[in-house]
Amino acid sequence: MSLFAELKRRNVIRMAGLYLVGAWLIVQVAETLLPAFDVPGWVLRATIILLAIGFLPALIFSWVFELTPEGIKRDAEVDASQSNTADTGRRMDRLLLVGMVAVIALIAADRFWPREAHDDDGPSVSNTRAAATPPVDTSGSAAKPLANAVVAGIAVLPFGNLSSDPENAFFAGGIYEEVLTKLAKIGELRIISRTSMERIAKEGLEVSAIGARLGVSHVLEGSVRREGEQIRVTVQLIEAATDAHIFAENYDRTLDNVFAIQSEIALAIADQLKLTLSSKQVSDLSERPTRSPAAYELYLRAIEQRQVWRGRDGFVDMIKLLEPAVALDPEFLLAQVMLAEAYGRMFWLGEDPDGSYRTKSAALIADMKARWPERPEVALAAAQFT
C-alpha cells in the first residue's frame, strides 16, 4: 500500500484538514472576544503558538491510534477486518463540512456585513446639516446649545523612547506602566488598559478618533529620554473632542528621584481636570515604591519582560531580575508581588518538578500578608497564587 493510501486510510489527511479549520476558528473567536475583556495581547499570541505546536502531534496521534467501539487503540493492535477507520472518516468528513461552512460564513460576514461610514469617507448631507444646526434646549427663555455628555477618562498612548541608547526602551515602557498604575488610582477617571492602548497606537489614529473610539475625554502622549543618570519625561494632555493641548510639561530628574515623576504627572492631571482628591488618594499617588534606584531599574526591566509571552524562559528571566531587586530593598512591595507571580507561573506551567517555586511563592505571599495586610496587591497575589 502506498504512503498516500495509508495516510488516507488512517484519516491523517482528514485530521490535518479538521485541525487547521478548527484552529482557524478558535483564533478568529479569540481575536474577537479577548480584547473585549482587556485580556493581555500575549494570550492570543500564546494561543496561536500552542495551536501551531499541536498540529504535528495531532497528525502523529491520528497515524498511531485508531478510534474503535472499545475506545482508542494503537492501529497495529486492531485487526484489519475489525477496523473502524471508514466510519471514523465519515464522521470526520461531516465535522470538516460543518467547519468549512462556519469558515465561509465568517469570511462572508466580514466581507459583506454593513459597516458605518468612516470619517475619511466624507460627511453625509444629513450629518453636514446636523453639524451646521446644533440642537438647542428650548425649555428656557433663550435657546442654548446642548452639551454632550463626556466620560471623564484618559487614553494614555505608549511613551516614546528618545534615549540615544535603544537599550533604554525598557525604561520608557516601565515609566509608562507606572504612570498608568498611578492614574488608575484616581477613581473618578476611566483609564484604558496598556494592552488596548498598544493595539490602538499601531493604527496611527488621530487624537479625536482615539477619544471617539474609546469613549474618553482626553488623550495623554509622552516620551522618555535617559542619558546616564539624567531623566526627562515629557507629557502632553490633549482634549480629544477639540484636539486642544490642555497641559504640557517636562520633568527633569536624576535617576534616584525618578519615582516622583509618575506621582507629579498624576496629580497635575487631576488638577487640570478639576478633580477633588481625598487625602488618602493624594497619599497613595505620592507613595514612593522603593528607596533603591538600582532595585527600581531591575523592576522596570521585569515589567518589560512580562509584556511578551516567552513561557518558562520569560518567567525565569523575571525571577533573575526580581530576586536581586527584593534583596536590595526588602520593603519594595511591588517587586515582591511580581516575584510571587513569577514563582506561581512557573508552578502553573508545570516547570516546578520539586515544588520549590510553589513553596517560595507561598512563603513570599505569607510574609506580604503579615506586613501589608490591607494592600489590595497582596490580596490579589494571594488569591491567584496560593
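Bear in mind that the values in this text are calculations on the coordinates, not laboratory data. Treat the numbers as computed from the prediction; the structure is a model and nothing was measured. Counting neighbours? That spans all protein chains shown, and the Cβs are built from the backbone with ideal geometry, glycine included.
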Legend entry - Long-range tail of P(r) for the stretch 293-385 (Cα pairs > 18 Å, %): 41 percent
Legend entry - Cβ-Cβ FRET estimate between residue 76 and residue 24, R0 fixed at 25 Å, reported to 0.05: 0.15
Inset, instruction - Taking the Cα centre of the stretch 293-385 as origin, work out the dipole magnitude from +1 charges on Lys and Arg Cβ and -1 charges on Asp and Glu Cβ, in debye rounded to 20. - result: 160 debye
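By average Cβ neighbour count within 10 Å, what is the ranking of 332-340, 7-15, 312-320 from highest down? Walk me through the intermediate numbers first.
Details: 332-340: 23.1, 7-15: 18.8, 312-320: 16.7.
Listed from highest to lowest mean packing, they are 332-340, 7-15, 312-320.
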Legend entry - residue 288 paired with residue 349, simple spin-label distance in nm, labels 7 Å along Cα-to-beta-carbon: 3.5 nm
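In the structure shown, do any of 182/274; 182/369; 202/369 have a Cα-Cα gap over 29 Å, and if so which?
With Cα atoms farther than 29 Å apart: 202/369.
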Legend entry - the stretch 98-106 - phi-based ³J(HN,Hα) in whole Hz, Karplus 6.51/-1.76/1.60, Gly and Pro as x: 4, x, 5, 4, 5, 4, 4, 5, 5
Inset, instruction - Convert each backbone phi in the stretch 18-30 into a coupling constant with the Karplus relation 6.51 cos²θ - 1.76 cosθ + 1.60 (shift: θ = phi - 60°), then list the ³J(HN,Hα) values in order as whole Hz, x for Gly and Pro. - result: 5, 5, 5, 5, x, 5, 4, 5, 4, 5, 5, 5, 5
Inset, instruction - Evaluate E = 1/(1 + (r/R0)^6) for residue 5 and residue 309, where r is the Cβ-Cβ distance and R0 equals 41 Å; express this FRET efficiency to the nearest 0.05. - result: 0.50
Inset, instruction - Mind giving me the nanometre distance, one decimal, between the label points for residue 86 and residue 52, set 7 Å out from Cα along Cα→Cβ? - result: 4.0 nm
Inset, instruction - Would you please give the residues with an amide H less than 5 Å from that of residue 247, counting only those at least 5 places away or on a separate chain, with H modeled from the backbone geometry? - result: 237
Legend entry - Computed lengthening from residue 275 to residue 97, 0.36 nm per intervening residue step minus Cα-Cα distance: 58.3 nm
Inset, instruction - Please sort 191-197, 366-372 by packing, taking for each peptide the average over its residues of neighbouring beta carbons within 10 angstrom, highest first. - result: 191-197, 366-372
Legend entry - Label-to-label distance, nm, for residues given as residue 252 and residue 203 (7 Å Cα→Cβ offset): 3.8 nm
Inset, instruction - Using packing as a proxy for protection, rank 262-269, 348-355, 248-255 so that the peptide with the highest average count of other Cβ atoms within 10 Å comes first. - result: 262-269, 248-255, 348-355
Inset, instruction - Between residue 369 and residue 43, take the C-beta separation as r, use R0 = 35 Å, and let me know the FRET efficiency to the nearest 0.05. - result: 0.80
Legend entry - Segment residue 184-residue 33, extension gain: residue separation times 0.36 nm, minus the distance between their alpha carbons: 52.0 nm
